[in-house]
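Only the coordinates and a few stated rules stand behind these numbers; no lab work does. In this text, all values refer to a predicted model and were calculated from it rather than measured experimentally. Cβ: placed from backbone, ideal geometry, glycine included. Neighbour counts: every protein chain shown.
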Amino acid sequence: MSFSQDFFEKVLLLILTAGVTGLLIPCVLKIVDERKAQKQKEIDDRRLREQKLYEAALLRQNKIIDAQVQLLDNLANLIWEYQLLAIEVSYFNPIEQSDLYSAAVKEYDKRTGATFAKIRAEISKALYLTSTDTYQELRELYYKKLIPLDMELYRLMKKQRDTKQKIPDWKHFNDNTVHDLGDIIDDTLNNLAKELRLKSVEQK
């Protein structure tokens, strides 16, 4: 059997092609695998960055919520503390209960300065923890209700020192502090709790 030159060339070409293909395919597959691995790494890295950003944002949000809860608690405690100090002065009879009245006046003098400073500091925090409207409402409570009440109380204490009888102004002051101011404080703190979404879902 004789084989033509053309046949040998075709066989040789086939062998060469098979050899090249055998070498080329693994190289191509390796390149494809490397590209897939690189692509997957980029996807994994992006997901990791997104996860870290999400966790950081969640942590910041949790810190803000904690600060808002603390703001409401601190303001409630401090404002009611001040109201109680003012009520005690107006509650005792300056003549018949002079010792209790004097002790209440002394306690008021001792504690109100620091209490007012703490209230104002908490209101400043509301500047970045609440809306502008709520911040202004808290400022109005401080400057238009609490400070004027403090000034009125000192006026009455001075007026009381100048007489040997209980001045009639105390009853009006006490009623205003207990009821009117109490309602205003409740409304203000309630509005703050609503904005911060810290009210029970059962409450309106």
Inset, instruction - For LEU198, put the label point 7 Å out on the Cα→Cβ axis and report which residues of the range 38-74 keep their amide N under 17 Å from it. - result: 61-74
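Fewest first, what order do LEU138, LEU58 take by the number of other Cβ atoms within 10 Å?
LEU58, LEU138
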Legend entry - Per-residue Cβ neighbour rank within 10 angstrom, fewest leading, PHE116, PHE92: PHE116, PHE92
Inset, instruction - Could you name the lysines whose alpha carbon sits less than 18 Å from that of LYS30, not counting residues in the same chain fewer than 8 places away? - result: LYS39, LYS41
Inset, instruction - Under a cut-off of 26 Å between alpha-carbon atoms, report the lysines in cross-link reach of LYS106, not counting same-chain residues fewer than 8 places apart. - result: LYS118, LYS144, LYS145, LYS158, LYS159, LYS164, LYS166, LYS171
Legend entry - Rounded to whole Hz, the Karplus (6.51, -1.76, 1.60) HN-Hα couplings of the range 81-87, x for glycine and proline: 4, 5, 4, 5, 4, 5, 5
Legend entry - Rg and Dmax of the range 70-195, Cα atoms only, in Å: 15.6, 50
Legend entry - Neighbour net charge for ASP66 - beta-carbon separation under 13 angstrom, K R +1, D E -1: +2
